[in-house]
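In what follows, a structure is listed as structure tokens, so that the remarks can point back to it.
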Protein chains: 2
Amino acid sequence: MPPLIPIDDPDDPRIAAFREIRERDLVRRDQLFVAEGEVVLNVLVRSPLCRPTALLLLDSRVDALAAVLDALPQDVPVHVAPRAVIDRIVGFPLHRGILALGRRLAAPTPDDLLARLPAGRARVLVLVGIANHDNMGGILRNAAAFGADAVLIDHASCDPLYRKAIRVSVGAALLVPFARLEADRDPVDLVRAAGLEPLALTPSGAETLADLPDLPRAALLFGTEGPGLPAATIARCRGIRIPMAGGFDSLNVATTSGIVLHHLAGAKAPR
Amino acid sequence: MPPLIPIDDPDDPRIAAFREIRERDLVRRDQLFVAEGEVVLNVLVRSPLCRPTALLLLDSRVDALAAVLDALPQDVPVHVAPRAVIDRIVGFPLHRGILALGRRLAAPTPDDLLARLPAGRARVLVLVGIANHDNMGGILRNAAAFGADAVLIDHASCDPLYRKAIRVSVGAALLVPFARLEADRDPVDLVRAAGLEPLALTPSGAETLADLPDLPRAALLFGTEGPGLPAATIARCRGIRIPMAGGFDSLNVATTSGIVLHHLAGAKAPR
């Protein structure tokens, strides 16, 4: 376990980075992200894609965190403060008393991730205009739960490493290999060139998900809730729909990603 | 369209019920619920289970709402106010400028709902300790999207008609037949007596969802995120698990409900 650094003054310069969490753009300009809570801290400490750079803990939580603190590199500063100080440092209620800053070890490009796909079966998600942090976190959680190989995120989508997206993902945002698509990069061409069949999830799809045969290599495209994927994108993909009850034709996009990933995983072992 | 009632004073007694929204317990004691936004208002106006009791609209939104206002009963008061008044009335940012109060036409019991199930295929959800309004709303949205016949909600679960649950459900909370289980009522006995097979969704389940055969009449039991269903409940049900990738064994309960409902709907048309 690294040595614990007691903090009694909310203005202590050693915890300046934690005070700046309020201005998230500032934090993200430094490429730091904010991880909250014990579950996410555990993912951060063990993820091969990230590393923690500093912790700030409520004093009463330290004992219960011995196992994860023991797994920390010795050079990660672990600050410990009482409730009154913590609340003044971070500027929002820190219910769980556990806050970490972290950094990705690398920022891969879409080409990097596609080049590293397994030779056989592969599942890639392509997110187009996913602007809501709850949906982003939910999709990444499903990508981790079902072992998606990569997630490509377009320029109109929100930041998967924003605090709320990480929290909703239960840490999956720190585990799933993702890359940003450049604004002028066409995702359909890109995934086809990697030998993946592009599937556009859309109510206008000609095929139903339940009738989709096993596809060894697939890229699943999801669009913004409401407007959905652009028509020009859908036209160049295999269109897949999920039939719904009459009168309420509305599924959340994160839920949809879970349904599709489960269905395609099930197809690994045909009944 | 009912006559529009202009409101210039935030303290106008005609809109007292809207000022009380801040104290949600008060509102729910009156059996009123709060519906926000155009999509939910459309569901409320058309739902056979509820009726609107009053509307409060931002003046600039009225023209765009002509169709839904025309579908309102003439005796529903429609209050219209400028932005400055609206913001002082409701006490929270009303981004969409559309607020309605509504009431359920009846509060059915679990026995009422089970007695009304179709004779053949039936899908019932049983929610045990779903205390989070996002999860409650997400589950109800999936129940509506896949046409579940009834939702039974235990006493430890949150209120499906709380403002946030309705919003997250995109109005499904106003469409899906649901009932509260009494604290001393065993849901497993109850659904078995209605000829439904109880399926407990749990990581410890002996069968995988993907291998589940077609079940004409099923009750799907979902527990709290984290602890899951009580062991004593699982032991008396058919235990079903969703296999996940190693190292990240975590699905959101609302997403899980969507995956299960989709799978069981797909089983209607065996491949």
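A quick yes/no check of all residues on (1) touching a helix residue (DSSP H, G or I) at 6+ places or on another chain (Cβ under 7 Å); (2) at the interface with chain B (Cβ under 10 Å from one of its Cβ atoms); (3) open to solvent by less than 10 Å² (accessible area, probe 1.4 Å):
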site: A:N132; (1), (2), (3): no, no, no
site: A:L152; (1), (2), (3): yes, no, yes
site: A:H155; (1), (2), (3): no, no, no
site: A:D159; (1), (2), (3): yes, no, no
site: A:A165; (1), (2), (3): yes, no, yes
site: A:G171; (1), (2), (3): yes, yes, yes
site: A:V176; (1), (2), (3): yes, yes, yes
Does B:P118 satisfy being outside any helix (DSSP H, G or I), more than 18 Å from the chain's Cα centre (by Cα) and at pLDDT 95 or above? yes
Residues located in the range B:239-264, provided they are small (G, A, S) and either touching a residue at least 24 places away in the same chain (Cβ under 8 Å) or more than 7 Å from chain A (Cβ to nearest Cβ) (or both): B:G239, B:G246, B:G247, B:A254, B:S257, B:G258
Checking the structure you have, find out if any residue of the range A:74-86 is crowded, with 20+ Cβ neighbours inside 10 Å, in contact with a Gly (Cβ under 8 Å, 6 or more places away or on another chain) and β-branched (V, I, T). yes
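Right, B:A231: at pLDDT 95 or above, over 21 Å from A:G137 (Cβ atoms), over 22 Å from the mean Cα position of the chain (by Cα) and more than 14 Å from chain A (Cβ to nearest Cβ) or not?
Spelling it out, B:A231 is indeed at pLDDT 95 or above, over 21 Å from A:G137 (Cβ atoms), over 22 Å from the mean Cα position of the chain (by Cα) and more than 14 Å from chain A (Cβ to nearest Cβ).
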Across (1) closer than 21 Å to A:A165 by Cβ; (2) open to solvent by less than 20 Å² (accessible area, probe 1.4 Å), A:A106 clears everything bar (2)
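Could you tell me which of the residues B:L125, B:L113 is surrounded by 24 or more Cβ atoms within 10 Å (Cβ to Cβ), under 16 Å from the mean Cα position of the chain (by Cα) and more than 11 Å from every other protein chain (Cβ to nearest Cβ)?
B:L125
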With B:L69, B:L101 as the choices, which residue is under 14 Å from B:R14 (Cβ atoms) and either in contact (Cβ under 8 Å) with a residue 40 or more places away in the chain or open to solvent by 40 Å² or more (accessible area, probe 1.4 Å) (or both)? B:L101
Test result for A:V124, part of a strand (DSSP E or B), more than 30 Å from A:D154 (Cβ to Cβ), modelled with pLDDT of 95 or more and in contact with an Asp or Glu (Cβ under 8 Å, 6 or more places away or on another chain): no
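The values are calculated or read from the model by the stated rules, or taken from the named source; none is laboratory data. Predicted model, so just to flag it, every value in this text is computed and none were measured. Reconstructed Cβ throughout: ideal geometry from the backbone, glycine too, with neighbour counts over all protein chains shown. Side chains included, ligands, DNA and RNA excluded: accessible areas come from the protein's heavy atoms. Shrake-Rupley method; radii C 1.70, N 1.55, O 1.52, S 1.80 Å.
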